[in-house]
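Here it is, the structure in full.
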Amino acid sequence: MVKPAHIAIIMDGNGRWAKARGLPRAAGHRAGVEALRRTVRAAGDFGIDWLTVYAFSSENWSRPKAEVSDLMGLLKTFIRRDLAELHQSGVRVRMIGAREGLSPDIRALVEEAETLTVANRAMNLVIAFNYGGRDEIARAAQQVAEAVAAGTLDPAEITPEAFAQFLDTRLIPDPDLVIRTSGEQRLSNFLPWQSAYSELVFMPCYWPDFGPAELDEAIKRFSERERRFGGVVARTVAS
Ligand code: IPE
Ligand code: IPE
Ligand code: MG
């Protein structure tokens with residue numbers, strides 16, 4: 001069975017999970033963190049090298065203030081409570097997304113997690129936080145324009161490979177599999193550049209109900225796909 005090296009997940013449906021139980025949305029987000037813990041462990045057990053999770057989008061700032069603050073608080077709690085265990089399990093943690101818009105305490109925690117786990121090799125966990133694909137590409141374009149203006153980059157050298165070196169994901173392989181829970185079938189600005197040839201798997205369950213069995217099912221569905229990367233024969237990687 002061909003296993004995806006990099007799985008990226010749009011963790012969606014916390015609010016509807018809570019609503020179905022007559023609970024506030026915040027309870028759904030808390031349950032979502034439990035699902036994240038389970039999924040990181042399961043991905044490690046399944047031998048997945050890279051796991052990227054969409055935790056807060058650049059558009060999620062448009063939610064009510066209290067909900068935004070709940071989500072910021074949950075990221076802090078997750079790092080504070082889980083960093084030691086992640087580190088012990090050999091997980092390297094990184095964040096993609098715009099750091100400028102985040103409060104200093106969150107930025108410090110993220111940097112602490114990245115620095116502590118920098119040498120870990122068992123698995124990579126990438127947290128997409130204050131992330132939006134269009135924002136990422138626009139920030140990359142700003143850096144490219146600055147390099148051209150400074151005379152260090154020739155516009156003729158701006159190939160897709162060269163441009164990708166300016167994205168937040170410069171050291172991260174493209175996702176092989178993108179999973180979205182909650183039944184919605186859209187990317188919502190998640191890794192639009194990087195998912196150009198990813199297999200997409202949409203699952204009906206709400207994110208708080210996701211766990212090892214659902215991850216296993218998504219991996220099975222991935223292994224049944226035939227990837228061609230624009231060619232005529234099945235391939236496991238782009239040439
Ligand atoms: C996903 O669940 C979590 C985030 C977007 C942060 P939602 O909060 O989007 O839950 P629904 O989609 O409203 O059910
Ligand atoms: C995408 O979910 C963002 C995250 C999972 C963090 P949303 O719930 O924000 O997406 P839309 O609004 O349904 O497209
Ligand atoms: Mg949603």
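So which GluC sites (Glu not before Pro) in region 174-239 are both in a DSSP loop and have at most 10 other Cβ atoms within 10 Å of their Cβ?
Within region 174-239, the qualifying GluC sites (Glu not before Pro) (loop, at most 10 other Cβ atoms within 10 Å) are E224, E226.
Which length gain, in nm to one decimal place, applies between M1 and S69 when the Cα-Cα distance is subtracted from 0.36 nm times their residue separation?
Result: 20.3 nm gained on full extension.
Give me the net charge of D105's neighbourhood, meaning all other residues with Cβ under 13 Å from the Cβ of D105; Lys, Arg count +1, Asp, Glu -1.
+2
Determine the distance separating the Cα centre of region 22-89 from the Cα centre of region 108-183; give it in Å without decimals.
20
Given Cα pairs under 8 Å that are at least 6 residues apart, what percent is the relative contact order of region 92-231?
Worked out over region 92-231, it gives 20 percent.
Now, a different point. In deg cm²/dmol and to the nearest 500, what is the mean residue ellipticity at 222 nm of the chain if only DSSP H runs of at least 4 residues count, each as -39500 (n - 2.57), divided by the residue total?
Computed ellipticity for the chain at 222 nm equals -13500 deg cm²/dmol.
For a footprinting-style exposure proxy, rank F229, F56 by other Cβ within 10 Å, fewest first.
Taking fewest neighbouring Cβ atoms as first place, the list is F229, F56.
Every number here is computed from the coordinates shown, using simple stated rules; none is lab data. Just so it is clear, the model here is predicted, and its values are computed rather than measured. Methodologically, a virtual Cβ is constructed for each residue, glycine included, from the backbone with ideal geometry; neighbour enumeration extends over all protein chains shown.
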